[in-house]
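The values are calculated or read from the model by the stated rules, or taken from the named source; none is laboratory data. This one's a predicted model, so the numbers in the text were calculated from it and none came from an experiment. Here the Cβ is made from the backbone with ideal geometry for all residues, glycine too, and neighbour counts use every protein chain on show. These accessible areas exclude ligands, DNA and RNA; they are computed on the full protein's heavy atoms, side chains included. Shrake-Rupley method; radii C 1.70, N 1.55, O 1.52, S 1.80 Å.
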Amino acid sequence: MNKLLRGSLLWRLWQWLAGVWRESGLRRMGLALRRSFAHSRLRRLGVRVLGCGTRAADHARITRWLGRINARLWRLGRRLMPAVRGSLLYRIYRAVFRCGRQSKILGWLFRGGFTAFLLAAVGLYAILDYLLRDVLAVPVISSVWDEGLLLLAALWIVYDRMRAPKALAPRVNPLDAPVLLFVGTGLALMFLVCPFPSIAVAGYRATVQYMLWFYILTRLLREDRDFMTLYMVLVMAAFVISLHGIYQFIVAAPIPSSWTDQAETAVRTRVYSIFGSPNIMGDFMVMFAPMAVGLAYWCKDKRAKVFFWLVTFSMCFSCLFTMSRGAWMAMAVAILIFALLVDRRLLVLMLIAGVCALFLPFVASRIGYLLTPEFAASTNNGGRGSRWELAMGYLAMNPVFGFGLGMFGGAVAMQNQVYKWISYFYVDNYYLKILVEMGWTGLIVFILLLLALLYAGLRAVYRTAKSPESRRLHPLSAGMFSGLCGVLVHCYFENIFEEPYMMAYFWSIAAMLMYLGFFRGKRDAQAAAHGM
């Protein structure tokens with residue numbers, strides 16, 4: 001296979017382009033800038049204040065500041081823990097978990113302590129949200145349960161640090177500062193462009209609140225058992241949802257007429273499962289299908305390998321049945337990245353699957369419709385093209401700082417249509433939504449955050465591949481990274497992060513990737529404390 005590839009026209013073209021790049025002035029300029037930055041004041045400031053890289057972070061001011069906080073919590077815990085452990089509530093808690101560890105079904109969960117229950121709740125986020133909001137529909141619970149879970153996890157982390165045998169080393173990673181920079185920029189813009197304070201606060205909350213799961217998960221994951229608990233729950237929850245999506249396709253679940261065009265006669269349904277949107281359903285599968293195939297490469301048991309390959313195919317078929325062209329493109333990108341990182345033989349499988357899919361009537365109809373005059377007319381008359389053009393027109397009012405958080409392009413704006421002269425709609429491009437609401441200032445910071453995520457994610461994947469202790473986990477890190485990349489591609493066509501659980505999942509997986517790349521092997525003291 002390698003000989004055939006190296007003899008192909010595509011390989012020779014790639015080699016020629018690589019040679020041109022090596023001799024190009026652009027590459028030389030990039031190397032010069034890199035050497036200049038290595039000795040610049042800007043880099044020294046970043047090392048001193050924020051911590052850039054693992055060694056720098058060990059000596060950064062933020063690390064020392066967090067270390068002092070951990071030490072104070074530990075000293076406080078030494079005074080309070082005897083009283084806590086003597087309380088009736090604590091004894092009940094211990095008794096419940098002692099009995100739960102004997103369970104044949106849920107024993108694995110109880111053995112992980114309360115941390116495992118929090119991680120399982122994060123893994124089941126979308127299902128819990130559906131049950132509480134749509135099935136039970138109790139407003140008092142459904143409107144605050146996710147904030148309650150976030151607060152409970154934060155309090156548990158504080159308690160963990162108080163009960164640790166010694167003060168814990170702070171967990172600073174390369175993404176802490178970029179996430180904090182975007183959160184701080186959003187806060188500044190919320191006060192700077194604030195025609196309606198309540199809407200600005202709601203828009204800021206919708207944009208940054210679920211990013212906080214990144215900080216929670218990077219501190220909550222203590223060891224490999226925690227990591228695998230969350231990883232498995234995420235994949236199995238997505239597997240169950242994919243089966244439901246396949247069932248909807250088989251029974252031809254009814255859909256609104258607006259989801260298809262009259263010209264797409266071969267499309268009889270679009271699956272959406274518990275999400276109510278085929279685009280979100282497709283993106284959900286894009287996020288977790290690479291993680292499922294990562295498990296197929298990770299596990300050693302042949303029966304388990306077959307099972308996880310079936311899980312992967314189930315998610316791919318479910319994504320196919322959403323009829324979401326954006327999700328199809330995102331899935332192709334995710335699988336391509338995974339194949340390049342783990343096993344290039346998958347490229348052949350991907351090519352065969354793509355060719356076979358073109359012979360399916362509904363796929364041919366959805367793709368063929370893109371080439372018709374009807375599609376061009378639809379795009380320019382109320383479709384994405386016309387909506388993006390209108391959005392850019394609103395941006396022109398304040399291109400630097402934007403139209404205001406929560407004022408246009410997303411769910412908050414749709415719920416608060418305060419201006420009569422504006423045509424409100426979902427802009428169906430999350431980057432454009434950020435641009436219109438936060439201006440070029442917000443978009444630039446957001447893009448810098450995503451670039452930092454991709455760079456740190458690649459570092460994490462590289463570290464797991466090169467470390468003898470973590471090499472077996474390389475397919476898992478590659479699966480998570482590939483899924484995140486697929487989601488970022490789909491964000492160009494949909495407001496993916498408008499759904500709270502999608503943003504919570506995205507940043508939780510980013511935190512898991514940071515654990516594998518930067519924290520694994522540095523077992524915290526609280527991982528062994530009391531077996532909890």
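Assorted remarks:
- Pairs, first farther than 22 Å from Leu320 by Cα and in a helix (DSSP H, G or I) in segment 362-380, second at pLDDT 75 or above and of a type in the set (Ser, Thr, Tyr), C-beta under 6 Å, six or more apart: Asn380/Ser386
- Residue match in segment 414-426 (condition: open to solvent by 20 Å² or more (accessible area, probe 1.4 Å), part of a helix (DSSP H, G or I) and modelled with pLDDT of 85 or more): yes
- Filter pass, Ile92 being among the hydrophobic types (A, V, I, L, M, F, W, C), exposed (fewer than 11 other Cβ atoms within 10 Å of the Cβ) and modelled with pLDDT of 65 or more: yes
- Every condition in (1) out of contact with any helix residue (DSSP H, G or I) (no Cβ under 9 Å at 6 or more places or on another chain); (2) buried (at least 22 other Cβ atoms within 10 Å of the Cβ); (3) of a type in the set (Lys, Arg) holds for Lys433 except the one numbered (1).
- Number of positions in segment 427-461 that are within 20 Å of Ala334 (Cα to Cα), touching a residue at least 24 places away in the same chain (Cβ under 8 Å) and part of a helix (DSSP H, G or I): 13
- Residues located in segment 129-154, provided they are hydroxyl-bearing (Ser, Thr, Tyr) and assigned to a helix (DSSP H, G or I): Tyr130, Ser142
- Scope segment 92-109; condition without any contact (Cβ under 8 Å) to a residue 40 or more places away in the chain and closer than 17 Å to Asp160 by Cα; matching residues: Tyr93, Arg94
- With respect to the stated conditions, Leu119 is open to solvent by less than 40 Å² (accessible area, probe 1.4 Å) and assigned to a helix (DSSP H, G or I).
- Cβ pairs under 8 Å, 6+ apart, first in segment 194-212 and free of Cβ contacts under 8 Å to residues at least 60 places away in the same chain, second among the β-branched types (Val, Ile, Thr): Val208/Val183
- Filtered residue count, segment 185-215, keeping only those that are surrounded by fewer than 18 Cβ atoms within 10 Å (Cβ to Cβ) and of a type in the set (Val, Ile, Thr): 1
- Just so you know, in segment 441-488 the residues that are modelled with pLDDT under 95, of a type in the set (Val, Ile, Thr) and farther than 20 Å from Leu180 by Cβ include one that is surrounded by the fewest Cβ atoms within 10 Å (Cβ to Cβ), and it is Thr464.
- Candidate set: segment 95-115, residues that are of a type outside the set (Lys, Arg) and either touching an Asp or Glu at 6+ places or on another chain (Cβ under 7 Å) or outside any helix (DSSP H, G or I) (or both); chosen: the one modelled with the highest pLDDT: Thr115
- When segment 125-158 is filtered for residues that are within 23 Å of Ala71 (Cα to Cα) and either open to solvent by 40 Å² or more (accessible area, probe 1.4 Å) or touching a strand residue (DSSP E or B) at 6+ places or on another chain (Cβ under 6 Å) (or both), the ones remaining, listed by number, are Leu151, Leu152, Leu155, Val158.
- Scanning segment 338-360 for residues that are closer than 24 Å to Ser477 by Cα and open to solvent by less than 40 Å² (accessible area, probe 1.4 Å) yields Phe338, Ala339, Asp343, Leu346.
- All of Trp309, Trp328 fail the test of being more than 21 Å from His490 (Cβ to Cβ) and either open to solvent by less than 30 Å² (accessible area, probe 1.4 Å) or under 26 Å from the mean Cα position of the chain (by Cα) (or both), apart from Trp309.
- Of all positions in segment 155-165, at least one carries a residue that is at pLDDT below 80 and either closer than 30 Å to Gly439 by Cβ or not in a helix (DSSP H, G or I) (or both).
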